[in-house]
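Inspection log for the structure reproduced underneath, given as structure tokens.
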Amino acid sequence: AATAEYTSYLCVIPGPALADIYDAYGSTLLEANVRSFLSTKVAVNKKMRATILTEPARFFAYNNGISALAMDVKTRQSRDGLYITSAKDFQIINGGQTTASLSNARYKDKADLGSIFVQMKLTEIGETGTDESTAFARSISRSSNSQNKVSDADFFATSPFHVRMEQYSRRLYAVPADGSQVETHWFYERARGQYLQSQMRMTRARQKQFQLQNPKAQLITKTDLAKVAMAWRGEPQWVSKGAQTCFTRFAEITDEAWNADDSRFNEKYFEEIVALTIISRFLEKSIPRQPWYESGYRANVIAYTMSSIPYLLKQQRSGMQLDLLGIWQKQAVPESLASVLLDLAELVYNLITSDDRTVINVTQWCKRDECWKYVQEHLRCSLPDTLDNCLISAEQGRSDNRQARKQRHIDSGIDAQSLVVARPAAFWESLAKFSASARLLNESYASALQAAVKIPSKIPNSVQSKKLLELLEAAKEEGFKE
């Protein structure tokens, strides 16, 4: 099938070849996939493994196959039919579990994949821009048959916001906690199943080391992030509507903010998200132990309690805010804040279960805007002076934000330089000629190109690199082919 936008091939790929590709490229092969391998503990994957081991010849009949995207597909015609000989930027859009299961069975179970074949729909697209390619990949992922239920949150795995949060989570170290001597990461799971997939090929010793550095207790999912961020924004009613609804609302807000200025989503933002997660998990662990708690509505109490902190600070400590970076640095909730949180949680619990509520069902009541308004109007709580050592001035907060954004711009420049120097001088010479003929050049573009055509003897600076990438996108829109 072929249109002006794409060409699709229906084909069969041998099991060993698919496993070889996964072994060579790993999770990067699944970057556009809405989820990573979910381990053989998932029922569907258990059955898949059983088929590979006991009925390999029936794998083709049982399996849904895979869907993939690629660019610049090359084919060869022979007496036996049409063969695909090469493809650029090959990405599995749907069927990551099939692919990983084959590789995993061969690696762990020493399975013979010789009699296994997998049906594949390969869609060749043109040299489109990143946003367009990502949007197309999401559309195909949504339309393809899925072997496990995929939540709405999974479709946002390739968003640049989540990619950046993932990068920070792998790079930033938290101080050792609970007497440990090991600095740890807060592992952000951009795609569902990444935490398990990361350990799939590790030896037992390497897996133990990974888990020490990335403890499961410090795993943060996309919906975890959305819940604490929305609660701190003062929207506990959205958190109470459930993980998926809350995430969808968070995605809309974040997408708009990202497009306005993505530099706000920097290291400081990630560290504050971790601090909020520490607060949330402190409440989750502590609330059931309180004498006033009669079970039920814990998630609602946590959301409303977290929303109440910034609300009360605005009312009683004008110009002050909670020192979230202090919590990140200590990796714990200070005692003075802990007592305030638990006192607030009791007040919130009593308010959301009050007989004055206009909706009988408490869970449904907590989803209403009216519930949050009711809590705000009836929240009688004086913040103690002991809390002041957990606060910083709003001006200090703004100063920290400015510094963090400045650092993000520096990081962005370094990223741009890396992308530019990855291409040879000949590429930039070709872009210069095309841009001149298409009348795209201005003084800043021309200056940046003068440096780029001398790579590697001369390296464009960060400002020039950003200009080069900007020119490259403009040239692509005019028909330039990489």
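The values are calculated or read from the model by the stated rules, or taken from the named source; none is laboratory data. From a predicted model like this one, the values you see are computed outputs, not experimental measurements. FYI the Cβ positions are ideal-geometry reconstructions off the backbone, even for glycines, and counts take in every protein chain you see. Accessible surface is based on the protein model in full, side chains and every heavy atom, while ligands, DNA and RNA are left aside. Shrake-Rupley method; radii C 1.70, N 1.55, O 1.52, S 1.80 Å.
Against the globular-protein guess of 2.2 N^0.38 Å, express the Cα radius of gyration of region 267-341 as a ratio, rounded to two decimals. Kindly include the intermediate steps, with their values, before the conclusion.
Values: Rg = 12.9 Å, N = 75, 2.2 N^0.38 = 11.3 Å.
For region 267-341, the normalised Cα radius of gyration is 1.14.
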_Between region 1-21 and region 105-119, the alpha-carbon center distance in angstrom_ = 19 Å
*Per the 1.4 Å probe, what fraction of the accessible area of the chain, in percent, lies on carbon and sulfur atoms?*
49 percent
*What are the semi-axes of the equivalent ellipsoid for the chain, taken as the square roots of 5 times the Cα gyration tensor eigenvalues, largest first, in whole Å?*
45, 32, 21
*What order do you get for 453-460, 164-171 when each peptide is scored by the mean count of other beta carbon atoms within 10 Å, highest first?*
164-171, 453-460
_Cα principal axis extents for region 50-103, largest first, Å_ = 35, 28, 17
_Average Cα contact separation per residue, the chain, under 8 Å, 6 or more apart, as relative contact order %_ = 12 percent
_Out of all DSSP beta bridges in the chain, what portion is antiparallel? Express it as a percent rounded to 5._
70 percent
_Kirkwood Rh and Cα-based Rg: tell me the resulting Rg over Rh for region 414-463, rounded to two decimals._
0.95
*Percentage, to the nearest whole number, of Cα pairs in region 177-269 over 17 Å apart*: 61 percent
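Sort 339-351, 378-390, 86-98 by packing, meaning the average of other beta carbons within 10 Å per residue, with the highest value first. Numbers along the way, then the final one.
Values: 339-351: 19.2, 378-390: 13.0, 86-98: 21.0.
By packing density, highest mean first, the sequence is 86-98, 339-351, 378-390.
Stretch SER457-ASN361 to full length: gain in nm at 0.36 nm per residue minus the Cα-Cα span?
On the way: separation 96, 0.36 × 96 = 34.56 nm, distance 7.02 nm.
Here the answer is 27.5 nm.
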*Quick one: Cα centre-to-centre distance for region 291-321 and region 171-226, in angstrom?*
29 Å
*Nearest 10 degrees, 0 to 90: helix 204-213 Cα axis against the chain principal axis*: 50 degrees
*asked:* Considering the Cα positions of region 399-482, please state its Rg to one decimal place and its Dmax as a whole number of Å.
replied: 13.8, 46
*Averaged per residue, what accessible surface does region 339-423 expose to a 1.4 Å probe, in Å²?*
57 Å²
*Calculate how steeply helix 43-54 sits against the longest principal axis of the alpha-carbon atoms of the chain, using the helix alpha-carbon long axis, and give the answer as 0 to 90 degrees to the nearest 10.*
40 degrees
*Helix 462-477: angle to the longest alpha-carbon principal axis of the chain, degrees 0 to 90, nearest 10?*
60 degrees
*asked:* Based only on Cα atoms, what mean projected area does the convex hull of region 374-438 have, in nm²?
replied: 10.3 nm²
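Give the whole-number value, in cubic angstrom per residue, of the convex hull volume spanned by the C-alpha atoms of region 335-482. Can you show the working numbers first?
Working: hull volume 34.5 nm³, N = 148.
Hull volume over Cα atoms, normalised by residue count, gives 233 Å³.
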